[in-house]
Amino acid sequence: MITTFVVSAYNILIYPGSQVPLYKYDGIKNSINNRLKNSTINFKNYLSFVRNNKNNTIIIGHSFGGYFGLLEAQNNNNTVKGIILLNSHFNSRGKMPYPRIDMKKISQPVLTILSKNDTRLPFKKAIDDLFYRDYNYLINKYFIINNNFNHFSGLDDNDTETEIISNQICNFIENIDNYSINSTEYSWYNKPLKFNNTRDVSFSLNILDAIFQICDFPLWQYYHYLHFLTLKPNHDINYQYSDYDSTLLKTFNTSIDDIKNQLNYEFNEKYNITWNITVLPTLHPSILYWLFKNPFLKNTSCGEIIVLPVNKNITYYKVPNRIMLLNN
């Protein structure tokens, strides 16, 4: 079902989550009505997926309802003015095993409200959309993380949670043409290590590669990754590659203290992180662990450096390449 109500000049559609009864949304709906006056409520069969043709439509999609809300926005670009995803996400890079919607294909402003204790939509999967947004320099996509909430916060009998989420929604609706947000403070460092003799292969390698990047060639990232795996450090040069989550280093005569000093220079000035060292055995199977294991970073106070000694001179390192602080 779709709950429809009109506030000021906006037509607001609520797409409920899968198998969530409509009465669960009464608290949020009533709270929004109390703040945004003169709203009316209508119900439609959401399974029929009737196209919306009313101008200035705002879509609120909870859980899997957010997926249908994004589809609605894609197909009604001229009528849908903005979208709120409540414990829902784009799944831009397919982190969850269901259809993805590329954030780059949604032109409207989108506010994504996530809950840190969400077990149905794992926070670590959903927050990947934020990193995808930053990586692609996308505008008008906003994120709020409610630190102690869960997948159904605001829908349960908790007036405080309902009021908080309703206010987050209303703030976005009231200021949709000039919206800014500071609810989530974070810093993301894509390639924090800067050694003088280190070549970064994360980006363009030559002119042809730069053309592939400009054209958004789908295998561009894999080309860099495979190229990095073939490189061997020597006296003159080290190599690094940064993906979405980590920075991988192939080094020659570079100690763990060198790595820690560089990380401290990049991160500790503001975040005061303690680094734990995970040293892998010098065995061929360890390369798989080094490649696919993401080093942890917990609450910006404790980070991990994964070390793979290859021989007397060559050592591989893997470190986190971003830090995110949650304020609320």
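Number of residues in the stretch 219-261 that are under 12 Å from Arg199 (Cβ atoms) and hydroxyl-bearing (Ser, Thr, Tyr) equals 3. Entry remark, the stretch 228-244: residues being surrounded by 15 or more Cβ atoms within 10 Å (Cβ to Cβ) and of a type outside the set (A, V, I, L, M, F, W, C) number 8 in total. Restricting the stretch 1-21 to residues that are hydroxyl-bearing (Ser, Thr, Tyr) and in a strand (DSSP E or B) leaves a set whose member that is modelled with the lowest pLDDT is Thr4.
Does Gly154 satisfy the criteria of being closer than 17 Å to His62 by Cβ, touching a residue at least 60 places away in the same chain (Cβ under 8 Å) and touching a Ser or Thr at 6+ places or on another chain (Cβ under 6 Å)? Yes; evaluated as a whole, the condition is true for this residue. Here Asn272 meets the list (1) at pLDDT below 75; (2) closer than 30 Å to Lys104 by Cβ almost entirely, failing just condition (2). Exactly one residue among Leu85, Leu138, Leu121, Leu114 is outside any helix (DSSP H, G or I), in contact with a Lys or Arg (Cβ under 9 Å, 6 or more places away or on another chain) and either aliphatic (A, V, I, L, M) or not assigned by TED's automatic domain parsing to the domain that holds Ile165 (or both), and that residue is Leu138. Just wondering, is there one or more residues in the stretch 104-111 that are part of a loop (DSSP other than H, G, I, E, B), surrounded by fewer than 21 Cβ atoms within 10 Å (Cβ to Cβ) and small (Gly, Ala, Ser)? Among the residues of the stretch 104-111, at least one is part of a loop (DSSP other than H, G, I, E, B), surrounded by fewer than 21 Cβ atoms within 10 Å (Cβ to Cβ) and small (Gly, Ala, Ser), which makes the answer yes. Within the stretch 22-40, the residues that satisfy the criterion of being out of contact with any helix residue (DSSP H, G or I) (no Cβ under 7 Å at 6 or more places or on another chain), modelled with pLDDT of 80 or more and of a type in the set (Ser, Thr, Tyr) are Tyr23, Tyr25. Of everything in the stretch 180-216 that is at pLDDT below 70 and part of a helix (DSSP H, G or I), the residue that is farthest from His235 (Cα to Cα) is Ile214. The single condition among (1) surrounded by 21 or more Cβ atoms within 10 Å (Cβ to Cβ); (2) in contact with an Asp or Glu (Cβ under 9 Å, 6 or more places away or on another chain); (3) under 24 Å from Asn178 (Cα atoms); (4) touching a residue at least 60 places away in the same chain (Cβ under 8 Å) that Ser166 does not meet is (2).
Of the residues in the stretch 253-294, how many are of a type in the set (Phe, Trp, Tyr) and in contact with a Cys (Cβ under 9 Å, 6 or more places away or on another chain)? Count: 1.
Residues that are among the acidic types (Asp, Glu) and at pLDDT below 85 were ranked within the stretch 237-261; the one that is nearest to Trp275 (Cα to Cα) is Asp245.
When Ile106 is tested against the conditions (1) in contact with a Lys or Arg (Cβ under 7 Å, 6 or more places away or on another chain); (2) closer than 25 Å to Gln221 by Cβ; (3) free of Cβ contacts under 8 Å to residues at least 40 places away in the same chain, the lone failure is (1).
Note on the stretch 220-312: enclosed helices (runs of 4 or more DSSP H) holding 2 or more residues that are touching a Leu at 6+ places or on another chain (Cβ under 9 Å), assigned by TED's automatic domain parsing to the domain that holds Ala210 and farther than 29 Å from Phe123 by Cβ are 220-230, 286-292. Search the stretch 73-87 for residues being free of Cβ contacts under 8 Å to residues at least 60 places away in the same chain and surrounded by 22 or more Cβ atoms within 10 Å (Cβ to Cβ), and hand back the single one that is farthest from Ala126 (Cα to Cα). My answer is Val80.
The values are calculated or read from the model by the stated rules, or taken from the named source; none is laboratory data. Everything numeric here is computed off the predicted structure, so don't read it as measured data. Quick reminder, even Gly has a Cβ in these numbers, built from the backbone with ideal geometry, and neighbours come from all protein chains shown.
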